[in-house]
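Novice: Just dropping this structure here.
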Amino acid sequence: MFVALGLRRHGLGSGDAVTLTVRDNGPGFAPGALANLFVPFHTTKAAGTGLGLPISQRIVENHRGLIEVSAPESGGAQFTIVLPVYAQPRAESPT
């Protein structure tokens, strides 16, 4: 398992973005599975509902981000959540 945080300059159309990448060393994706990962109720598990990834995608998109998916050549699966960075207003100095 690999987890990393990062910063992408101009990572989204709105500007800079923060990233959270999670990679495992499992069996990866079956052929054709990538096209259906975010389709509601599509599952490859006997007890799965097929809602986990679609709900996750909706949450990330509601925060103006995106989820990138890849299958590294070394095996496993990799998911990267990309969220925009918003400038925070400066706190008022105590008087």
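Novice: Ranking 81, 55 by Cβ neighbours within 10 Å, fewest first, what do you get?
Specialist: Numbers: 81 19, 55 12.
With the sparsest Cβ surroundings first, the list reads 55, 81.
Novice: With θ taken as phi - 60° and the coefficients 6.51, -1.76 and 1.60, list the Karplus ³J(HN,Hα) couplings across the stretch 9-20 in order, rounded to whole Hz; mark glycine and proline as x.
Specialist: So the Karplus estimates, Gly and Pro as x, are 6, 6, x, 9, x, 7, x, 5, 9, 9, 10, 10 Hz.
Novice: Next up: Could you grab the relative contact order for the chain? Cα pairs under 8 Å, six or more apart, rounded to a whole percent. Can you show the working numbers first?
Specialist: Working: 150 pairs, mean separation 30.4, N = 95.
Dividing the mean separation by the residue count of the chain yields 32 percent.
Novice: Taking the 0 to 90 degree range and rounding to the nearest ten, how far is the long axis of helix 52-62 tilted relative to the main principal axis of the chain, both from C-alpha atoms?
Specialist: Rounded to the nearest ten degrees, it is 20.
Read-outs throughout are calculated quantities, based only on the coordinates presented, and are distinct from any laboratory measurement. No experiment lies behind these values; they were computed from the predicted model shown. Using ideal geometry, Cβ is built from the backbone for each residue, glycine included, and neighbour counts are taken over all protein chains shown.
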